[in-house]
Amino acid sequence: MEVVLKYFTEFTEKQLEQLTALKELYTEWNEKINVISRKDIDSLYLKHVLHSLTIAAVIDFRPGSQIIDIGTGGGFPGIPLAIFFPEVQFHLVDSIAKKLKVVQAVAEGAGLTNVTVQHTRAEEIKGRKFDFAVSRAVAPLKDLLQWSNPLLKKGGTQELANGLICLKGGDLAQEISESNARPRMIPVRDIFPEEGFEDKYLLHVAR
């Protein structure tokens, strides 16, 4: 928790309570349904919460914004972002139902009212539009763009144009080339100079 407060200080009492609750909730649920590796649960706030909040360090989502978290897994980046932006709506989707059981339980346990979950693949969602799609270590950029573009409103009036914001790691040169996109790319280490973030990046592709 201290590592999060090192970079973000303007939390309300309720947000602090919600962030604190994550450790117990994830520890308890992870013993039933493994969504976080055993060795990472002790580094929950660094490797999962702070990493997810890289997005909050780059864009201040406006109240009323609609965000879809594609392939949310255990609820990252969606759950930490929902705590950070209580007036923004987050729709967390994944194709694996048991992971969403954990996400739903964590959201309810932390008292989040701005989170909805759906057991589906992003490409099967019809009739809904979002301002941004977010994802964390889910699929190649080419696939993420193919899945997210039909779900996104064009334009927007926020710091970043409406589009895809994803967190990725490793050498992304070939992946970016194959996507035919020109993402804005920010090293996470430039935002949070912490151990373990050396080869991690935030990518933004406008719709």
Legend entry - Counted residues, the stretch 165-184 - those being open to solvent by 30 Å² or more (accessible area, probe 1.4 Å) and among the basic types (Lys, Arg): 2
Inset, instruction - Report yes if some residue within the stretch 100-113 is free of Cβ contacts under 8 Å to residues at least 24 places away in the same chain and farther than 22 Å from residue 15 by Cα; otherwise report no. - result: no
Inset, instruction - Taking the residues in the stretch 123-145 that are assigned to a helix (DSSP H, G or I) and closer than 18 Å to residue 179 by Cα as candidates, determine which candidate is nearest to the chain's Cα centre (by Cα). - result: 144
Inset, instruction - Can you run down the residue pairs with Cβ atoms below 7 Å, 6 or more apart or on separate chains, where the first is in the stretch 189-202 and closer than 13 Å to residue 58 by Cα and the partner is surrounded by 18 or more Cβ atoms within 10 Å (Cβ to Cβ) and of a type in the set (Lys, Arg)? - result: 201/168
Inset, instruction - Among the numbered conditions (1) open to solvent by less than 50 Å² (accessible area, probe 1.4 Å); (2) within 25 Å of residue 190 (Cβ to Cβ); (3) under 13 Å from the mean Cα position of the chain (by Cα), tell me where residue 75 comes up short. - result: (2)
Legend entry - Residue match in the stretch 47-64 (condition: over 29 Å from residue 129 (Cα atoms) and open to solvent by 10 Å² or more (accessible area, probe 1.4 Å)): yes
Inset, instruction - Within the stretch 138-155, work out how many residues are surrounded by 13 or more Cβ atoms within 10 Å (Cβ to Cβ) and touching a residue at least 40 places away in the same chain (Cβ under 8 Å). - result: 11
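Starting from residues that are open to solvent by 70 Å² or more (accessible area, probe 1.4 Å) and modelled with pLDDT of 95 or more, keep the ones in the stretch 185-197 and report whichever is nearest to residue 165 (Cα to Cα).
That would be 185.
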Legend entry - Only listed residue being under 15 Å from residue 80 (Cβ atoms) and free of Cβ contacts under 8 Å to residues at least 12 places away in the same chain, chosen from 5, 46: 5
Legend entry - Selection from the stretch 185-195 of residues that are touching a Leu at 6+ places or on another chain (Cβ under 7 Å) and under 13 Å from residue 168 (Cα atoms): 185, 186, 188
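Quick grid of which residues meet (1) in a strand (DSSP E or B); (2) polar (S, T, N, Q):
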position	(1), (2)
177	no, yes
181	no, no
189	no, no
204	yes, no
Inset, instruction - Read through the list (1) acidic (Asp, Glu); (2) open to solvent by 70 Å² or more (accessible area, probe 1.4 Å); (3) modelled with pLDDT of 95 or more, then give the number of the only condition that residue 131 fails. - result: (2)
Inset, instruction - For residues that are open to solvent by less than 40 Å² (accessible area, probe 1.4 Å), within 22 Å of residue 63 (Cα to Cα) and assigned to a helix (DSSP H, G or I), tally how many sit in the stretch 78-122. - result: 7
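The values are calculated or read from the model by the stated rules, or taken from the named source; none is laboratory data. Here the structure is a predicted model, which is why all the values come from computation and not from measurement. A quick note on method: Cβ atoms are made from the backbone with ideal geometry, for glycine too, and the neighbour counts reach across all protein chains shown. For the accessible areas, the whole protein counts, side chains as well, though only heavy atoms, and no ligand, DNA or RNA atoms are used. Shrake-Rupley method; radii C 1.70, N 1.55, O 1.52, S 1.80 Å.
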